[in-house]
1. Which residues, counting only those in the range B:86-115, are facing chain A (nearest Cβ under 10 Å) and either surrounded by 22 or more Cβ atoms within 10 Å (Cβ to Cβ) or in a helix (DSSP H, G or I) (or both)?
2. Quick one: residue B:118 ticks every box in (1) within 11 Å of another protein chain (Cβ to nearest Cβ); (2) aromatic (Phe, Trp, Tyr); (3) in contact (Cβ under 8 Å) with a residue 60 or more places away in the chain bar one, so which box is it?
3. Which one of A:136, A:198 is at pLDDT 90 or above and more than 14 Å from chain B (Cβ to nearest Cβ)?
4. Of all the residues that make up the range B:52-73, how many are assigned to a loop (DSSP other than H, G, I, E, B), hydroxyl-bearing (Ser, Thr, Tyr) and within 18 Å of the chain's Cα centre (by Cα)?
5. Can you find a residue that is modelled with pLDDT under 90, more than 30 Å from residue A:281 (Cα to Cα), crowded, with 19+ Cβ neighbours inside 10 Å and out of contact with any Cys (no Cβ under 7 Å at 6 or more places or on another chain) anywhere in the range A:139-151?
6. Test of understanding: among A:217, A:279, which residue is under 17 Å from the mean Cα position of the chain (by Cα) and either part of a helix (DSSP H, G or I) or exposed (fewer than 15 other Cβ atoms within 10 Å of the Cβ) (or both)?
7. Which of the following residues is of a type in the set (Ser, Thr, Tyr) and under 14 Å from the mean Cα position of the chain (by Cα): B:4, B:39, B:8?
8. Of the conditions (1) under 29 Å from residue A:110 (Cβ atoms); (2) acidic (Asp, Glu); (3) free of Cβ contacts under 8 Å to residues at least 60 places away in the same chain, residue A:139 satisfies every one except a single condition; which number is it?
Amino acid sequence: MMELLEVYYSAILVGALMAAVLSILGAHLASRDKALQSLTISQAATTGVLAGVVLSGGELVDALDSYLPPLGALVFATLVFGLSEKALSLKRSGRGNVLIAVFTSLLALGYGIIAYFPQLESHMAQAFFGDLVTLSGAELWTTGIVAGFGILFFLFRTRTILDESFSLAIFGPNDVLSKSSTSAFTFNAMALLIISVSVYGLGLLYTIAALFIPTVVFSFVSRSNARTHLAYCASVSTIATIVGFSLSLTATRVPTVPAIVAIMLLASLLGAFVSRTYVTIRSSHCKHRH
Amino acid sequence: MTTSALISTQNLAFATPDGRVLAENLSFTVHPGEAVVISGGNGSGKSTLLRLLLGMSSEFTGFIDRYTDSVGYLPQLQDNEFHIPLRLRDILWMSSPQLEESKICQKLLTEDQLDLNWNQASGGERKRTLIARIFLQEPKLIVLDEPFNHLDQSSRKLMIECLGDYVVNRVSHEPGLLIVTHENHFQEREFHLPVREVRL
């Protein structure tokens, strides 16, 4: 197994780094009530990857070195984000209703592309489930650079992003301060870039799982604070990537991404349980001393 | 008190989406160092007027002039939880790291209250946190939509006192207050500063 880890260590590193970024981004998206919109945008990115492959000739090998699939992911994601924000601002129907309709349409569009270009079927599976094992070359570099940039973005702008997430959650999108804020635009642009590149390099399932599983599970341990919550999310998703990937290398029938997702869920639940138990013991110890 | 205005309206008129007139020929100005209270019953158009004043809607005739972009706004709260666990102290820290030096914040929230999680805090504690947050941002104009809802008498008195203190004691600039409420008969002695009422 060590020999295999040496071969794949760069893919593991990039996957783990992207998982950490996604989990922090997901905590903020969840607090801004954008989980369903993120799923829709991720589906748009998946469809964009397929469109990019078609435009680059439709051949699997060529597509891996073409800029069109990731560009397609970003363009489709941005378009769908813009259109969905406009549709939601009109308030003609509920938020969930609009997004489900868009998601379903994109899913149908994706399958329509596959039906017309059957040679893309394996690429569809890769876009959906991802393949961390084959992450190499341009895909690896693109994913790694965006993940590194994402880490720095969240590290240096923690306070501003958290303040904005709080304002949006409590006051809604009509808060006069957030409406005029360029930091809101920057956050949205970074989120679109990170999600698009992650879907392109690592797949829809990996992206959505890393975005929301750790943060949702840890939200049940409400006595932690923001820093602890974000640190937990990043740690769990990183460890899950490393462990899940290693497991799939040793047990060849275990698929990589589902293994990572399963370990992410288990590790989140375990971490939440340990944290809650620690807080309960600590508070009962304090009460006993008083 | 300086003569420059913070926000003013002239011959303002607006209506509901189905055409019911809410206000006509509405003219008033908020100056630094004073509180303007907009009062009226339910459905009289108070929140609509606020949205117009803050530029969130343009469905009106007449004139609205905003002379400052430095606005602290507290809308009506929807009792929303926040997904990421945040202590009240962290919420204030996000606005200003100089939390410990702020005497008004110390008046509004105790040390124990500051360590409460937002999702566990009461409605009154949340409101006081949001007011303190506005104070830490040091805006020139503070706009409050029904700030006294769901507050008991002592919390209401404390909030009015703190709002008055904020306006009177600010050294760098003289702020103004614009308050929308269904309550009647605010008096200057409650705020310790000039109060004008605009009735819808």
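The values are calculated or read from the model by the stated rules, or taken from the named source; none is laboratory data. Since this is a predicted model, take the numbers as computed values, not measurements. A quick note on method: Cβ atoms are made from the backbone with ideal geometry, for glycine too, and the neighbour counts reach across all protein chains shown.
1. Within the range B:86-115, B:86, B:89, B:90, B:91, B:93, B:94, B:95 meet the criteria.
2. Among (1) within 11 Å of another protein chain (Cβ to nearest Cβ); (2) aromatic (Phe, Trp, Tyr); (3) in contact (Cβ under 8 Å) with a residue 60 or more places away in the chain, the lone unmet condition for residue B:118 is (3).
3. A:198
4. Here the count works out to 3.
5. For the range A:139-151, residues modelled with pLDDT under 90, more than 30 Å from residue A:281 (Cα to Cα), crowded, with 19+ Cβ neighbours inside 10 Å and out of contact with any Cys (no Cβ under 7 Å at 6 or more places or on another chain): present.
6. Values: A:279 fails: under 17 Å from the mean Cα position of the chain (by Cα).
Every option except A:217 fails the conditions.
7. Matching residue, one of B:4, B:39, B:8: B:39.
8. Among (1) under 29 Å from residue A:110 (Cβ atoms); (2) acidic (Asp, Glu); (3) free of Cβ contacts under 8 Å to residues at least 60 places away in the same chain, the lone unmet condition for residue A:139 is (3).
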